Amino acid sequence: MMLLHKGFIVSSRSGQRNLIQQLLFVVLIILFSNVFSQVLLAEALFVHTVERKTLLGERTEKISTAYHRDGISIDRRKLYTGSFMRLFFGGIKEERQTVFISIRNHHIREIDWKEEKAYLYDINRLKEVAMLTDEPSSRHHVPIVEDRYQEFPPELVISSLEGEDSINGYRCRKVEVQLKLNTYDRLRGTYSKTDISQRLWLSEEVPGIEERGEVIKRLGDLIGVEVERLGALSFILSYWKGSLAPIAKDIEKVRGYPVKTHVIVTAHFIPPEGESKKVSRVINEETNTLVAVYNRIDEKLFEVPSHFVEVKVK
């Protein structure tokens with residue numbers, strides 16, 4: 001293997017999608033043949049580390065994402081390091097998640113390492129926002145009852161910041177993204193607001209960026225989704241309904257590979273008494289950093305034991 005370079009939320013309103021796992025990344029993912037132990041030769045393998053703070057404590061992650069001519073592969077290793085989670089689990093808990101998307105076979109294969117199973121989904125499930133989360137329980141969210149909850153249009157602002165920063169040897173432009181969500185509960189007379197602030201350090205010097213872009217475009221064409229929804233703004237744009245044409249010029253500011261992202265999610269609850277009684281809390285903060293890029297992939301990284309049971313999900 002040759003090294004090229006070294007280098008989210010829980011909604012406060014009823015029925016809103018669980019976002020705590022969504023930010024930062026998009027689950028796009030690989031061609032995986034009928035043989036679990038197939039050797040994958042990737043045109044680009046990106047390795048990121050994530051430091052996350054949530055209401056349940058701290059968590060670190062290592063995420064390896066491989067792009068090749070047949071799809072994308074993601075392997076995610078999590079360590080729950082917060083004191084509350086260590087007490088709850090009786091020590092530092094390790095967790096692994098692996099997802100494959102096959103452009104050729106039109107399916108998604110999600111590996112459950114604990115249960116030793118491989119869940120097979122139709123690739124069009126990617127159109128559903130819930131499939132972009134990384135917690136199985138969050139896929140069964142309860143739809144919002146329209147006659148009770150009023151959702152206001154999201155407010156999105158994308159701004160280019162002055163100057164450049166060097167992140168792990170890459171020259172990066174800085175972009176700030178602000179998203180505001182607002183829901184009114186007619187029954188209780190309360191407002192639930194969520195503010196998401198995302199800063200991105202973007203570079204066009206990262207090797208493998210063209211291969212990555214080509215694979216994402218092919219996937220977007222296959223499932224009928226704009227490529228912008230599968231890139232660095234995938235989480236943010238999941239809340240933008242309809243055409244992206246009205247914000248196309250703003251989206252153009254987010255070009256290049258996200259070498260680093262920093263996200264803060266703040267939830268606000270406003271009771272019937274008004275703003276003076278508002279309760280606010282930071283519910284998620286995370287930093288995601290690119291640490292290495294490879295031009296090949298070790299087959300053992302995505303190797304799945306052949307005895308795992310395949311389960312087809314309709």
Taking strands (runs of 3 or more DSSP E) that do not extend beyond region 138-243, which have at least 3 residues that are among the hydroxyl-bearing types (Ser, Thr, Tyr)? 155-167, 170-185, 190-203
Filtering region 144-175 down to residues that are more than 23 Å from residue 207 (Cα to Cα), surrounded by 15 or more Cβ atoms within 10 Å (Cβ to Cβ) and not hydrophobic (A, V, I, L, M, F, W, C) yields 149, 151, 154
Residue selected from region 162-198 under the condition in contact with a Leu (Cβ under 6 Å, 6 or more places away or on another chain) and among the basic types (Lys, Arg), by the criterion farthest from residue 277 (Cα to Cα): 173
Among the residues of region 240-253, is there at least one that is of a type in the set (S, T, N, Q) and surrounded by fewer than 18 Cβ atoms within 10 Å (Cβ to Cβ)? yes
Considering residues that are touching a helix residue (DSSP H, G or I) at 6+ places or on another chain (Cβ under 8 Å) and not in a strand (DSSP E or B), the number found within region 255-292 is 2
Scan region 96-106 and give yes if some residue there is surrounded by 13 or more Cβ atoms within 10 Å (Cβ to Cβ), at pLDDT below 85 and either within 19 Å of the chain's Cα centre (by Cα) or not aromatic (Phe, Trp, Tyr) (or both), otherwise no. no
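The values are calculated or read from the model by the stated rules, or taken from the named source; none is laboratory data. This is a predicted model, so every value here is computed, not measured. Here the Cβ is made from the backbone with ideal geometry for all residues, glycine too, and neighbour counts use every protein chain on show.
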